[in-house]
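Okay, so here's the structure we're looking at.
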Amino acid sequence: MPRDLESEKATLAGMPPLSKEQASSPPPADPQSIYKIPTAERFKKMKGIHPYGLLLSQADLDDCDWLEHAAFEPHEAASREKLEYRLRTCGQLCSGIFSSAYPTTSGPLATLVKSRTFPSVDSADSDRKRLLLGHIIATRFTSPVVTDASMDFPKDWRTKYQLNPPVGHDEDGDTVCLHSLCVHPNVQGKGLAMVLLRGWIQRIKDSGTGKRIALLCREKLVRFYERAGFKRVGDSTCTFGGGGWIDMVLDFSSGVTIDDDI
């Protein structure tokens with residue numbers, strides 16, 4: 001499920017970003033005020049980051065595993081095997097927002113240096129310019145909302161591939177289930193989450209991959225997703241991470257309305 005936001009190459013100028021609550025700093029007095037920063041100011045916050053979007057694949061497993069566990073509480077983070085299953089089975093549904101700026105000891109990415117070992121700035125490694133800042137991990141399923149079955153995965157998936165398993169990714173599913181939306185805590189509050197989300201929504205819609213997108217979120221993030229076009233459905237029956245989730249759905253048949261006044 002998409003993480004509490006506390007805790008494609010895309011044209012960024014065409015996708016005004018939206019900030020979110022940060023896990024690393026106290027929340028604002030007005031929880032909604034963080035969504036009201038003028039667009040121009042939010043772009044200024046991205047200075048020095050040079051973000052761009054790409055599809056994810058199994059080659060990004062290490063980065064996604066690192067990011068997932070840096071951004072989520074342990075009981076909400078997807079396991080490494082679950083991430084591998086999703087990236088290998090339906091990587092075309094998964095997107096990442098990267099930075100081409102190297103995380104030196106100064107600048108907006110400096111704090112990332114302390115959280116992970118990166119290739120040397122003099123390295124010829126191709127991944128030196130692929131610093132994953134945020135990702136969206138998704139699957140397809142048959143139910144109109146996210147369920148515990150859609151969030152699971154077949155334990156024999158490595159040896160027995162199935163187009164329509166009872167759990168996990170179903171190729172015939174009309175619902176794209178957004179399981180994880182996160183941005184590294186060290187670069188939250190810069191509008192990266194909404195840039196990533198909006199670009200991903202547009203790609204899913206244009207590709208005709210599904211009839212709708214469904215996700216789970218906490219009460220405090222309902223407005224965040226409403227601004228991206230999602231509608232509140234009601235309380236979720238999912239028990240993952242202790243339950244207490246809200247079902248949110250963006251139905252393409254009813255049109256997608258994104259609040260640009262943010």
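Output the qualifying pairs, or none if there are none: Cβ atoms under 6 angstrom, residues six or more apart or on different chains, first residue in segment 138-151 and hydrophobic (A, V, I, L, M, F, W, C), second residue assigned to a helix (DSSP H, G or I) and modelled with pLDDT under 95.
Going by the 6 Å Cβ cut-off, the qualifying pairs are 151/240.
Do any helices (runs of 4 or more DSSP H) lying entirely in segment 20-95 carry at least 2 residues that are modelled with pLDDT of 70 or more and within 23 Å of residue 217 (Cβ to Cβ), and which ones are they?
61-71, 80-90
Looking only at segment 168-185, how many residues end up being outside any strand (DSSP E or B) and touching a strand residue (DSSP E or B) at 6+ places or on another chain (Cβ under 9 Å)? Steps first, please.
Pass one, segment 168-185, residues outside any strand (DSSP E or B): 168-174, 184-185.
Then keep just the ones that are touching a strand residue (DSSP E or B) at 6+ places or on another chain (Cβ under 9 Å); that gives 168-174, 184.
Final tally of qualifying residues: 8.
Taking segment 229-250 as the search range and keeping residues that are surrounded by fewer than 23 Cβ atoms within 10 Å (Cβ to Cβ) and among the hydrophobic types (A, V, I, L, M, F, W, C), which one is modelled with the lowest pLDDT?
Applying the first criterion (surrounded by fewer than 23 Cβ atoms within 10 Å (Cβ to Cβ)) to segment 229-250 yields 229, 231-247, 249.
Now narrow it down to the ones that are among the hydrophobic types (A, V, I, L, M, F, W, C): 233, 238, 240, 245-246, 249.
Values: 233: 97, 238: 95, 240: 92, 245: 96, 246: 97, 249: 98.
In this case the residue turns out to be 240.
Any residue at all in segment 152-167 that is of a type in the set (A, V, I, L, M), surrounded by fewer than 22 Cβ atoms within 10 Å (Cβ to Cβ) and closer than 29 Å to residue 74 by Cβ?
Initially, segment 152-167 is screened for residues of a type in the set (A, V, I, L, M), giving 163, 167.
After this cut, where a residue has to be surrounded by fewer than 22 Cβ atoms within 10 Å (Cβ to Cβ) as well, the list is 163, 167.
Right, trim to closer than 29 Å to residue 74 by Cβ and you get 167.
The answer is yes, given that some residue of segment 152-167 is of a type in the set (A, V, I, L, M), surrounded by fewer than 22 Cβ atoms within 10 Å (Cβ to Cβ) and closer than 29 Å to residue 74 by Cβ.
Read through the list (1) more than 21 Å from residue 233 (Cβ to Cβ); (2) more than 16 Å from the chain's Cα centre (by Cα), then give the number of the only condition that residue 173 fails.
All conditions pass for residue 173, except number (1).
May I ask you to list the residues in segment 190-227 that are surrounded by fewer than 22 Cβ atoms within 10 Å (Cβ to Cβ), in a loop (DSSP other than H, G, I, E, B) and not β-branched (Val, Ile, Thr)?
Those that are surrounded by fewer than 22 Cβ atoms within 10 Å (Cβ to Cβ), in a loop (DSSP other than H, G, I, E, B) and not β-branched (Val, Ile, Thr): 208, 210, 211, 218, 227.
Under the condition of being in contact with a strand residue (DSSP E or B) (Cβ under 9 Å, 6 or more places away or on another chain) and in a loop (DSSP other than H, G, I, E, B), which residue from segment 109-143 is modelled with the lowest pLDDT?
Here is the first cut: in segment 109-143, the ones in contact with a strand residue (DSSP E or B) (Cβ under 9 Å, 6 or more places away or on another chain) are 109, 112, 118, 129-143.
Among the residues that remain, those that are also in a loop (DSSP other than H, G, I, E, B) are: 109, 118, 130, 142-143.
Working: 109: 76, 118: 57, 130: 73, 142: 96, 143: 96.
This residue is 118.
The values are calculated or read from the model by the stated rules, or taken from the named source; none is laboratory data. These numbers come from a predicted model, not from an experiment. FYI the Cβ positions are ideal-geometry reconstructions off the backbone, even for glycines, and counts take in every protein chain you see.
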